[in-house]
Structure formats: structure tokens, C-alpha cells
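Heads up: the structure comes next, in C-alpha cells.
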Amino acid sequence: MAKYHNPMEEWLTNFELDVDGEKYKPYDPTVPDQIRAWAEAQGYAVTGEARDMFGTGWWKYAPDVAEKLLVKNGFKKGSDGKWMTADGKLWTIDLQSIPDENDAFRMANAAKDQWSKFGINVNFQSLERSVFDQNVAVGQFQIYTPWYSWSLASGDAWPQIQSLRTDRYAPVGSDVRTTGGNGMRIKDTEIDKFIAEMEKVSPDSEENFALVTEFLKYWVEKAYFVTQIGFKKFVTWDQQYWTGFPTSEDPKYMPLYWFHGGKFTFEVIKPAGK
């Protein structure tokens, strides 16, 4: 948040879309305050700043604006409330997800529910991991829900985006696992420029953070994908038998024990002597 969310808040708040000749601001900076108000209404005591507790703002839920965009692009809603494409066919979205990635699967179900409520026919496919990975690798999908992030904990983004270089682009049908490419199959020379500039500076430099910021702005404008959730797992420890786990005051080691990096924490904890 310190590197990106907070410095970009003003830009996000002022970011506009052209909706049928009118300007529309899709970002809602009040979302953390709304979450706080909801929690307090449930009887929870919330201390501190809402933004520090619940994160940055989010995109507005605006089906009326979505309807204007669809109509502008030739879509029509039938008498049954279902959306039709410009050529009069039922608009169907194919959505693939994997139930073994819990948060990604919840995200897909939420999208299916909202799109269906809005009048879009959704062909939702819950797939085994091997089938899902194969489909993504060869481009056999329309929309899928990955578990991904553009920024490492350090703030660097180059390791996450370098596979988007146009010289690694793989057409649909070819396997991105053999080309080092990206499953989204984006081909954009502007992204090449960001990657090339990042390679010239130190990953932990302010110059790099500034480049990542500009890349994030570009990504928001292009909307190649839309981030749906922030990572919100709480890490708990029982120190009855072992002590020395990382804390927010002493975050030396990887605290997520269900990831491979957690092994470094297990190397330093000490017996509690009980």
C-alpha cells in the first residue's frame, strides 16, 4: 500500500471512462469505510483507520453503466431479460475455474452469480487442475480465474510481467509452457517498453517503483484483467510447544506455513520447553 495504493489513490479516484459521451469514474474510495460501517452494524468494534484495516477502495457496482456500454456496442436485452449479441444470438460467457484453489473458485462463483443476475448466460466449468492448466496453456478458454499478482512483496513487478514480452507471444493452440509466454496471450508493444525500462534499474530503486506505478496505470486503462480480491489470510500460531514465530513487529521470515517459503520459519522456531 505504501508503494502503490496510497500514492495512486488520487489517480484512481480521478480515473474516468467515456460512457456514451459522458464521463464516469469507476473507482470508489469509500469502500473501506463501507466495510467498517457494515462491521460495526454487526456489533464488531473496529479501531484504527478503515483503510489500514480493510485496504484500498474498489470498483463500483454499477449495472446501469454496464448496460449503457453494452447497448453502445450493439448488444440488446430480450423480453426474458437475457442479453443478446449484435447478431441476435444469446450472449454466453464461458468461465473456467478450479475448485482446489479456494479463493479463485469463490471469485468465479461470485462472477457467475452477478453476471447471471444481470442477464448474461454463463457456461461455468468447474475443472480438475490438470484439465484447467492444459486449457490455459494452449488458450482453450474465454475467461478463467487465476491466482496471481503483479507485484512481489519487495514492490518489484518485473519477474511477474516479463513473460508478457511480445517475442514470447504464443498464438492460441500453441503451448505457452514451451515458449516461456503468458497464458493470457496478450501482445502489446507498450508493455515491452515497460519491461525494457525496468531491466535498466535496480529492482529495489525508486526508479523501478515509479515504472511499476506507470505500468499499473496502463494496466487499469487497458483492463486486460481485473483484480477481484486482495489476499486476506490471517496467520495464527500456537506457541504452547514452539516459540519464535514471525510477527508484525518482527517479520523476519515467511509466515505462510502452507507455502514452501514457510520452511524458513520452521528452521528458526525454538521448543517452548513444555
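Restricting to DSSP loop positions (anything but H, G, I, E, B) with no more than 10 other Cβ atoms inside 10 Å of their own Cβ, which chymotrypsin sites (Phe, Trp or Tyr not before Pro) remain in region 141-181?
none
At 7 Å along the Cα-to-beta-carbon direction for both Asn135 and Ile93, put a label point, then send me their distance in nm to one decimal.
That separation, rounded to one decimal, is 1.5 nm.
Using Cα pairs under 8 angstrom and six or more residues apart, how large is the relative contact order of the chain, in percent?
Computed over the chain, the figure is 10 percent.
How would Asp80, Asp156 line up from fewest to most surrounding beta-carbon atoms within 10 angstrom?
Asp80, Asp156
Loop only by DSSP, 15 or fewer other Cβ within 10 Å of the Cβ. Give me the GluC sites (Glu not before Pro) in region 1-31 that pass, ordered by residue number.
Counting only loop positions with at most 15 other Cβ atoms within 10 Å, the GluC sites (Glu not before Pro) in region 1-31 are Glu16.
Set the Förster radius R0 to 51 Å, insert the Cβ-Cβ distance between Trp150 and Lys270 as r into 1/(1 + (r/R0)^6), and round the FRET efficiency to 0.05.
The formula returns an efficiency of 0.90 here.
For the residues Thr47, Thr166, Thr189, what sequence is obtained by ranking on other C-beta atoms within 10 Å, fewest first?
Thr47, Thr189, Thr166
I want to verify a result. In a Gaussian network model of the chain, Cα cutoff 10 Å, which of these has the top mean-square fluctuation: Ser79, Ser163, Ser174?
Of Ser79, Ser163, Ser174, the Gaussian network model singles out Ser79 as fluctuating most.
Lys/Arg Cβ at +1, Asp/Glu Cβ at -1, dipole of region 148-229 taken about the Cα centre: which of Val226, Ser205, Phe194 is farthest positive-ward?
Comparing the listed Cα positions along the dipole, Val226 ranks first.
Could you give the length gained by full extension between Lys117 and Trp237, i.e. 0.36 nm per residue of separation minus their alpha carbon distance, to one decimal place?
Here the segment from Lys117 to Trp237 would lengthen by 39.1 nm.
Which trypsin sites (Lys or Arg not before Pro) in region 84-169 pass both tests, a DSSP loop state and at most 12 other beta-carbon atoms within 10 Å?
Here the sparse-neighbourhood loop sites are Lys89.
Can you figure out the FRET efficiency of Asn102 with Thr179, using R₀ = 25 Å and their beta-carbon distance, to the nearest 0.05?
0.25
Keeping to pairs on different chains or 8 or more places apart, tell me how many lysine pairs in region 1-105 have Cα atoms under 17 Å apart.
For region 1-105, the number of qualifying lysine pairs is 13.
Under 5 Å between amide H atoms, partner at least 5 residues away or on a different chain: which partners does Gln228 have, H built in plane at 1.01 Å?
Amide H neighbours of Gln228, under 5 Å, 5+ apart: none.
Here, each number is a calculation from the coordinates, and none is a lab measurement. Being a predicted model, the structure only gives us computed values, none of them experimental. Because the Cβ atoms are built from the backbone with ideal geometry, glycine has one as well, and the counts that use them run over all protein chains shown.
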